[in-house]
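The values are calculated or read from the model by the stated rules, or taken from the named source; none is laboratory data. Small disclaimer: the values here were computed from a predicted structure and weren't measured. Every residue, glycine among them, receives a Cβ derived from its backbone with ideal geometry; neighbour counts consider all protein chains shown. To get the accessible areas, we keep the full protein, side chains included, count just its heavy atoms, and leave off ligands, DNA and RNA. Shrake-Rupley method; radii C 1.70, N 1.55, O 1.52, S 1.80 Å.
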Amino acid sequence: MIRKLLRRVFNKAPARENAPALIPVDTHGIRRDAIPPGARQTIARLQESGHAAYVVGGAVRDLLAGIAPKDFDIATDATPERVRGLFRRSRIIGRRFRIVHVMAGGETMEVSTFRAGSDGEAETDEHGRVLRDNVFGSMAEDAARRDFTINALYYNPADETITDYHHGVADLQRKTLRIIGDPRKRYREDPVRMLRAVRMAAKLGLVIDPAARAPIHEMADLLENVPAARLFDEMLKLLLSGHAVACLKQLREEGLHHGLLPLLDVIMEQPLGERFVWLSLASTDARVNAGKPTSPGFLFATLLWHEVLAAWEAHKQNGEAPFPALHTAMDEVLDIQGGKLAITRRIAADIKDIWALQPRLENRAGRRPLRVIEQARFKAGYDFLLLRAESGEADRALADWWQTFMNADTEARLAMLTPEKKPASRRRRRGRKNPDAAQEAS
Ligand code: ATP
Ligand code: MG
């Protein structure tokens, strides 16, 4: 009797794993008109040509959760070359895995071919991180190589069904983030999945399943081996997700902020800047959720500001003049962060512009404000000053002054200027040390 039962369970287990649930529209409620026309046309064309094609991943998950998807990715059994051949307005991109960008109805879709997971002979580094996993596979294999059950859902606009291999729909209903397969193995293959777990949980209000959560503490160090550019991308996604405050709180709880990302150490372990950083993250979240543009440069400038302040102070103590000291401090801080996070050159330039404006906003004597307000990054510099004032590090009255100045016409601006305080002779002598004079002379 028991043996019979056991046999039944064991014989059934693999079958149950392989056969996906086909969930009808009455159950999940996503109608095809939730999919933009371009994605629908692309899928229809692939299907008419004899291929399987689905909306996959984040879009299906977000629609189920009642969130507007960022983009609509498509998965198919057609090879990239075949897809390229079917769509005139398309191109193959990507080196690690080749996908096709298809342009239709003013949208660009990413069309990727079903891929198998890394089981078996995948090339890994010495820590088990998968370096190449670009082997085409079946749809079931494609589902199994995805990270979380809620990310392995396939929506077919033709019959409005969801194909669900790993109980993702149920997990989403139960508000559980569950990893597909053995969590330790999946984190080893790609440590970034630990950060993704936190981001997804924060974004969707999910609880990370204990089995997926438990190994994170012990495996956090594996993030050190992830290439800087990839970490930077993932950090940007996290910080600009509209849930940065929730994400970072959870990262701290999971021990993911420690030691591995210098940036996060900085953010969370310096009491002075903590208030400033949380204010900045909260304001970024508010902007993202209001659909306003956000700039990575501004965000990173706020995250690292108190590091710069500390380094700046140290250089001034060493007798360096304020303005050169600030530049040395900025370069130092960016060097340290740049190594791990690969902050791009362009973003680094934005960051420096915003920082360099701060002392110039503080020194209002003479005609300086007229020149400062003409700076390309003035508005960002001013917004930055506002945050500093809110956190108590800068003078509120100073921020208010700039706001009035900004909104005033030329005549009113001239009337707001204050004369230089120092007598002319002393001013010239001090000029070399004066940050503003130094910069304006150049
Ligand atoms: P969003 O775009 O809203 O941040 P997403 O789930 O679409 O979330 P993407 O990074 O766009 O995230 O990835 C698309 C899909 O690719 C995911 O839904 C998941 O199925 C799969 N995927 C992404 N990254 C990984 C990973 N590191 N390991 C396994 N699968 C992944
Ligand atoms: Mg996506």
What does the charge dipole of the chain about its Cα centre add up to, to the nearest 20 debye, if the Cβ of each Lys and Arg holds +1 and the Cβ of each Asp and Glu holds -1?
600
Output the antiparallel fraction of DSSP beta bridges having both residues in the chain, as a percent to the nearest 5.
80
Chain lengthening between residue 225 and residue 416 when straightened (0.36 nm per residue, less Cα-Cα)
63.3 nm
Nearest 0.05, what FRET efficiency do residue 184 and residue 159 give at R0 = 56 Å with Cβ-Cβ as r?
0.90
Choose one of 232, 201, 357: the residue whose Cα lies farthest towards the positive end of the charge dipole of the chain (beta-carbon charges +1 Lys, Arg; -1 Asp, Glu; about the Cα centre).
357
Result for region 159-207: accessible area per residue, probe 1.4 angstrom, in square angstrom, of 35
Hey, what did the chain get for relative contact order, percent, Cα under 8 Å, at least 6 apart?
10
Quick check: pseudo-label points 7 Å beyond the Cα along Cα→Cβ at residue 82 and residue 317, how many nm apart are they?
6.7
What accessible area, in Å² to the nearest ten, does a 1.4 Å probe give for residue 313?
90
Express the carbon and sulfur contribution to the solvent-accessible surface of the chain as a percent, rounded to the nearest whole number, probe 1.4 angstrom.
51
Calculate, in nm to one decimal, what residue 290 and residue 310 gain on full extension: separation in residues at 0.36 nm each, minus their alpha carbon distance.
3.9 nm
How charged is the neighbourhood of residue 416? Take every other residue with its Cβ under 13 Å from the Cβ of residue 416, and add Lys/Arg as +1 and Asp/Glu as -1.
+1
Could you work out how far the C-alpha centroid of region 196-222 sits from that of region 348-425, in angstrom?
43
Across 292, 185, 237, the residue with the highest GNM fluctuation in the chain (Cα network, 10 Å cutoff) is 292
Roughly what angle does helix 271-289 make with the longest principal axis of the chain, taking Cα atoms, 0 to 90 degrees, to the nearest 10?
60
Note down the accessible area of residue 61, probe 1.4 Å, to the nearest 10 Å².
10
Taking the chain as the reference, fit the longest principal axis to its C-alpha atoms, fit the long axis of helix 210-219 to the helix C-alpha atoms, and give the angle between the two in degrees, 0 to 90, nearest 10.
50
Given points 7 Å out from each Cα along the Cα-Cβ axis, report the residue 140 to residue 375 separation in nanometres with one decimal.
6.2
The chain, Kirkwood Rh and Cα Rg, ratio Rg/Rh at 1.07
Mind checking the per residue accessible area of region 308-424 for me, 1.4 Å probe, whole number of Å²?
51
Tell me, in nm to one decimal, what length is gained between residue 92 and residue 211 on full extension, where the rule is 0.36 nm per residue of separation less the Cα-Cα distance?
39.1 nm
Roughly what angle does helix 396-407 make with the longest principal axis of the chain, taking Cα atoms, 0 to 90 degrees, to the nearest 10?
90
Using Cα pairs closer than 8 Å and at least 6 residues apart in sequence, work out the relative contact order for region 1-226, in percent.
19
Based solely on its DSSP helices, what 222 nm [θ] is calculated for the chain when runs of n ≥ 4 H residues each add -39,500 (n - 2.57) and the sum is averaged over all residues, nearest 500 deg cm²/dmol?
-17000 deg cm²/dmol
Go ahead and set up a Gaussian network model of the chain, Cα springs under 10 Å, then flag whichever of 255, 50, 106 fluctuates most.
106
